[in-house]
Amino acid sequence: MWSGTPWTTSTDPFTAAPRWPPAAGALSVPAPTLGTVTSAERRDQERTTGGRAPAGQEARAWSWEVRDTPIGPLLLAATDQGLVTVVFHADDETAAGAVSALTRRLGTEPAPSPDRAVTLTAAARQLEGYFAGGLREFTVPLDWSLTTGFNRRVLRELADGVPYGTVVGYQDLANRVGEPGAARAVGMAMGGNPLPVVVACHRVVESDGGIGGFGGGLETKRALLALEGVLPQPLF
């Protein structure tokens, strides 16, 4: 079981250095970095989206925040339907880019909401439990709207069928969704996963024993697999 320092927000939470493994101590959920954008970023977003969702897509109200974790800051975003994305290494530049992209994808600017705050807090507390080693399954509601078609099928199979502490090969996952010739496409679906950690694409590995690629970086993938007991814990 993991123990670690509190999830504290530093003076500049976007530049908080990742800590792995964390020092001994109790975990607690900090006050989040609230999801705001500058007036210049807002003008850029309005010019891009015109305040409307892309053609054929209904706009979704959403909120976001950044939480410091043992693998570095994570940006969490939620709609009224549930947690919609998790973004690794959410320093200032990465967070700004993610907010801009989500504004385009969801068709509206972020705004505070008590209901969405509940979802974000639940996600943060479940992540806290996961990194502490006590939580094996996420139950926060999910909004799957940022993925469609084959990718969504594969990610749902991953979420439902590959539990904590286990791994699955790209080919095996392709077989599970009835597409045995789509192992490479499974890899692309993992790379496009909008909900990493919660939908555990770090559990998908190569059939020859290699750990495969990972959008959050191989060091992060190794750390998550070590946390779940699949790989040895890092010595330093």
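The values are calculated or read from the model by the stated rules, or taken from the named source; none is laboratory data. Bear in mind that the values here come from a model prediction, so they are computed numbers and not experimental data. Don't worry about glycine lacking a Cβ; one is built from the backbone with ideal geometry, like all the others, and counts go over all protein chains shown.
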- prompt: Hey, does region 199-207 have a residue that's surrounded by fewer than 15 Cβ atoms within 10 Å (Cβ to Cβ) and farther than 18 Å from Thr69 by Cβ?
  reply: yes
message: Could you check region 146-158 and list, in sequence order, the residues that are surrounded by fewer than 18 Cβ atoms within 10 Å (Cβ to Cβ) and either under 27 Å from Asp115 (Cα atoms) or under 13 Å from the mean Cα position of the chain (by Cα) (or both)?
response: Thr148, Arg152, Arg156
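Residue by residue, here is whether (1) modelled with pLDDT of 95 or more; (2) touching a helix residue (DSSP H, G or I) at 6+ places or on another chain (Cβ under 9 Å); (3) more than 29 Å from Ala59 (Cβ to Cβ) holds:
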| residue | (1), (2), (3) |
| --- | --- |
| Glu109 | yes, yes, no |
| Asp115 | yes, no, no |
| Val118 | yes, no, no |
| Gly129 | yes, no, yes |
| Ala132 | yes, no, yes |
| Trp144 | yes, yes, no |
| Val162 | yes, yes, yes |
| Val167 | yes, yes, yes |
| Val197 | yes, yes, no |
Tally, over region 100-124, of residues that are surrounded by 17 or more Cβ atoms within 10 Å (Cβ to Cβ), more than 13 Å from the chain's Cα centre (by Cα), part of a helix (DSSP H, G or I) and not hydroxyl-bearing (Ser, Thr, Tyr): 5
- prompt: With Asp172, Asp208 as the choices, which residue is modelled with pLDDT of 95 or more, charged (D, E, K, R) and outside the structural domain of Arg125 (by TED's automatic domain parsing)?
  reply: Asp172
task: Give the residue, chosen from Gly97, Gly56, Gly25, Gly72, that is at pLDDT 95 or above, out of contact with any Cys (no Cβ under 6 Å at 6 or more places or on another chain) and on the phi > 0 side of the Ramachandran plot.
output: Gly72
